[in-house]
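Reading through the structure tokens given below for one structure.
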């Protein structure tokens, strides 16, 4: 990782590995802020972007276990604004749409597997939402509900940020509290994830790493066009909780979340902090199993060759997916700024890779291969 920093491919990185629940690697290299000459630290805080999505799935499964929702529920059962949602049947050369009623309403499972037919990102009416984050989740999802589906529910796979946002809104509606509050109280606090949040508290801002673009071979601080806006403005004034990309976190915090899933839903024994109970069960083994098994068999799905999707987790399903030295059955998720976290149950391995932009793909897969090869 230091070699990539020295080459100017990334500004810095924090990497972590757990093997059989024990910390075997945790290192920080490079700079959290190049211009300020601020070194990267093991507890540096990162925008983890779409790595947020599996935490939403955990919130949903908690409500499932409480009997308050079912994975097969139509979304409209909990969010009435989705009643009567239409499907794009045809599009003329001049852009005019022909709409029709879909064969069935979209379900919670459809949202979790990215097979609902909801478009990837918000429509033009919310063009700057992901930068300004200036509309509450309930208002944004109301707009999403009026956006036509792009294919029949369950027929295809298309990665949908709007779909995951809708799941966060379902949590709000069913639990009668803001999504970010449910997430903090039911998931982050019990796991001792003290440095994980959606809206940055003032005292955490100095530890947040800067975001960079690689332009003409040189790292340049990213601007306000990025998801979440200018990283150095710390989402000032934001109200959109962004279940699809909103979470900040650290390597240590994320390792607790991932180890919890590897243990079948139990808080790891080494977790400490107010409100934590090591050994407490947050989810049943059945919930973890259903989240992390393949749900997209027969459909071309996933971001990498040989993978498909479970419930908001990308799952390795074939030998082609093992080319990054993951085992079949491994599951995880990446983020837009190059971050990644994964669990390899066969190797008893949890991995966390955190950077903020740069030559993300090259560096990330180098670390994944190094980690996969390290298990004897």
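Brief remarks on what is shown
- Meets criteria (touching a residue at least 12 places away in the same chain (Cβ under 8 Å), surrounded by fewer than 20 Cβ atoms within 10 Å (Cβ to Cβ) and not in a strand (DSSP E or B)) for residue 27: no
- Of all residues in the stretch 224-266 being on the phi > 0 side of the Ramachandran plot and buried (at least 24 other Cβ atoms within 10 Å of the Cβ), the one that is farthest from the chain's Cα centre (by Cα): 228
- Single residue of the stretch 330-376 satisfying the filter (within 19 Å of the chain's Cα centre (by Cα) and part of a loop (DSSP other than H, G, I, E, B)) that is farthest from residue 227 (Cα to Cα): 330
- The single condition among (1) under 22 Å from residue 345 (Cα atoms); (2) modelled with pLDDT under 95 that residue 90 does not meet is (1).
- Each residue in the stretch 191-204 was checked for being surrounded by fewer than 20 Cβ atoms within 10 Å (Cβ to Cβ) and either touching a helix residue (DSSP H, G or I) at 6+ places or on another chain (Cβ under 8 Å) or part of a loop (DSSP other than H, G, I, E, B) (or both), and 5 of them qualify.
- Some residue of the stretch 74-83 being in the same structural domain as residue 153 (by TED's automatic domain parsing), loosely packed, with under 13 Cβ neighbours inside 10 Å, outside any strand (DSSP E or B) and touching a helix residue (DSSP H, G or I) at 6+ places or on another chain (Cβ under 6 Å): yes
- Members of the stretch 258-282 that are in contact with a helix residue (DSSP H, G or I) (Cβ under 7 Å, 6 or more places away or on another chain) and outside any loop (DSSP other than H, G, I, E, B): 261, 262, 266
- Considering the conditions (1) under 29 Å from the mean Cα position of the chain (by Cα); (2) farther than 30 Å from residue 227 by Cβ; (3) not in a helix (DSSP H, G or I), residue 122 is excluded by exactly one of them, (2).
- Hits in the stretch 30-50 - residues which are surrounded by 15 or more Cβ atoms within 10 Å (Cβ to Cβ) and not in a loop (DSSP other than H, G, I, E, B): 30, 31, 32, 33, 38, 45, 46, 47, 49, 50
- Just one of the listed residues (364, 347) is over 26 Å from residue 107 (Cβ atoms), touching a strand residue (DSSP E or B) at 6+ places or on another chain (Cβ under 9 Å) and without any contact (Cβ under 8 Å) to a residue 60 or more places away in the chain, namely 364.
- Residues of the stretch 293-329 classified as surrounded by fewer than 22 Cβ atoms within 10 Å (Cβ to Cβ) and not in a loop (DSSP other than H, G, I, E, B), total: 6
- Meets criteria (free of Cβ contacts under 8 Å to residues at least 24 places away in the same chain and either in the same structural domain as residue 130 (by TED's automatic domain parsing) or surrounded by 17 or more Cβ atoms within 10 Å (Cβ to Cβ) (or both)) for residue 143: yes
- The stretch 281-290, residues that are touching a strand residue (DSSP E or B) at 6+ places or on another chain (Cβ under 8 Å) and crowded, with 21+ Cβ neighbours inside 10 Å: 282
- Total residues in the stretch 1-24, condition over 28 Å from residue 269 (Cα atoms) and part of a strand (DSSP E or B): 1
- Selection of first residues in the stretch 267-283 that are more than 21 Å from residue 56 (Cβ to Cβ) and of second residues that are at pLDDT below 95, restricted to Cβ pairs under 8 Å at least 6 apart or on distinct chains, gives the following pairs, ordered by first then second residue: 278/272.
The values are calculated or read from the model by the stated rules, or taken from the named source; none is laboratory data. On a predicted model such as this, the values are computed, not experimentally measured, just so you know. Glycine gets a Cβ as well: all are built from the backbone with ideal geometry, and neighbour counts include every protein chain shown.
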